[in-house]
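Structure first, then comments.
The values are calculated or read from the model by the stated rules, or taken from the named source; none is laboratory data. None of these values were measured; they are calculated from a predicted model. Neighbour counts run over all protein chains shown; Cβ positions are idealised from the backbone, glycine included.
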Amino acid sequence: MAPVLGNGQLAPVRESFLYMPGDIIVFEADFGQMLVHRLLGYYLRRGKLHFLTQADNASGVDRGISRQRIIGKIQSPVTFKKRLFSLMRFLRYIYKILIIREFR
């Protein structure tokens, strides 16, 4: 999550009832490792809520994760600009998915 967090840097994490686009969340990946990525938004899949995340310096979004895999969020303020940017990334992803489905 550079430049916000350095590799190996310790940061306070707290479980939350509500996670908002732009929050930096900690979650367990498929292979058991903990990852720290920014939350872009939510979507329903097979009747369950999934969270869409992306590292700040990554070119693509991650595979959706379930609520059970989320450990918590980093306790640092998130600017309005970062929240808006995250939401725009999410909308761009959804738009691409809809276009792909339209032309299949």
- How many residues are free of Cβ contacts under 8 Å to residues at least 60 places away in the same chain and within 12 Å of the chain's Cα centre (by Cα) if we restrict to segment 70-104? 3
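Among the residues in segment 74-96, are any touching a Ser or Thr at 6+ places or on another chain (Cβ under 7 Å) and farther than 26 Å from Pro3 by Cβ? Reasoning before the result, please.
Of the residues in segment 74-96, the ones touching a Ser or Thr at 6+ places or on another chain (Cβ under 7 Å) are none.
No, the conditions are met nowhere in segment 74-96.
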- segment 1-15 residues that are free of Cβ contacts under 8 Å to residues at least 40 places away in the same chain, paired with ones that are surrounded by 10 or more Cβ atoms within 10 Å (Cβ to Cβ) and of a type in the set (Asp, Glu) (beta carbon under 8 Å, 6 or more apart): none
- Message: Exactly one condition in (1) outside any strand (DSSP E or B); (2) in contact with a Lys or Arg (Cβ under 7 Å, 6 or more places away or on another chain) is false for Ile94; which is it?
- Response: (2)
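How many of the residues in segment 57-91 are assigned to a strand (DSSP E or B) and either over 19 Å from Val26 (Cβ atoms) or among the aromatic types (Phe, Trp, Tyr) (or both)? Steps first, please.
As a first pass, look at segment 57-91 and keep what is assigned to a strand (DSSP E or B): 65-66, 70-74.
After this cut, where a residue has to be either over 19 Å from Val26 (Cβ atoms) or among the aromatic types (Phe, Trp, Tyr) (or both) as well, the list is none.
Going through segment 57-91 one residue at a time, the tally reaches 0.
Search segment 2-48 for residues being among the aliphatic types (A, V, I, L, M) and in contact with a Gly (Cβ under 9 Å, 6 or more places away or on another chain), and hand back the single one that is nearest to Leu84 (Cα to Cα).
Let us first name the residues in segment 2-48 that are among the aliphatic types (A, V, I, L, M), namely 2, 4-5, 10-11, 13, 18, 20, 24-26, 29, 34-36, 39-40, 44.
Now restrict to residues that are in contact with a Gly (Cβ under 9 Å, 6 or more places away or on another chain): 13, 25-26, 39-40.
Values: Val13: 22, Ile25: 16, Val26: 20, Leu39: 11, Leu40: 9 Å.
Applying the filter and picking the extreme gives Leu40.
Out of the residues in segment 34-57 meeting the condition of being touching a strand residue (DSSP E or B) at 6+ places or on another chain (Cβ under 8 Å) and basic (Lys, Arg), tell me which one is modelled with the lowest pLDDT. Break it down stepwise before answering.
Taking segment 34-57 as the starting set, the residues that turn out to be touching a strand residue (DSSP E or B) at 6+ places or on another chain (Cβ under 8 Å) are 34-44, 48-56.
Then drop every residue that is not basic (Lys, Arg), which leaves 38, 48.
Numbers: Arg38: 96, Lys48: 91.
Looking at residues that are touching a strand residue (DSSP E or B) at 6+ places or on another chain (Cβ under 8 Å) and basic (Lys, Arg), I get Lys48.
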- Message: Here is a check on your reading of the model: is Leu39 without any contact (Cβ under 8 Å) to a residue 60 or more places away in the chain, in contact with a helix residue (DSSP H, G or I) (Cβ under 8 Å, 6 or more places away or on another chain) and among the aliphatic types (A, V, I, L, M)?
- Response: yes
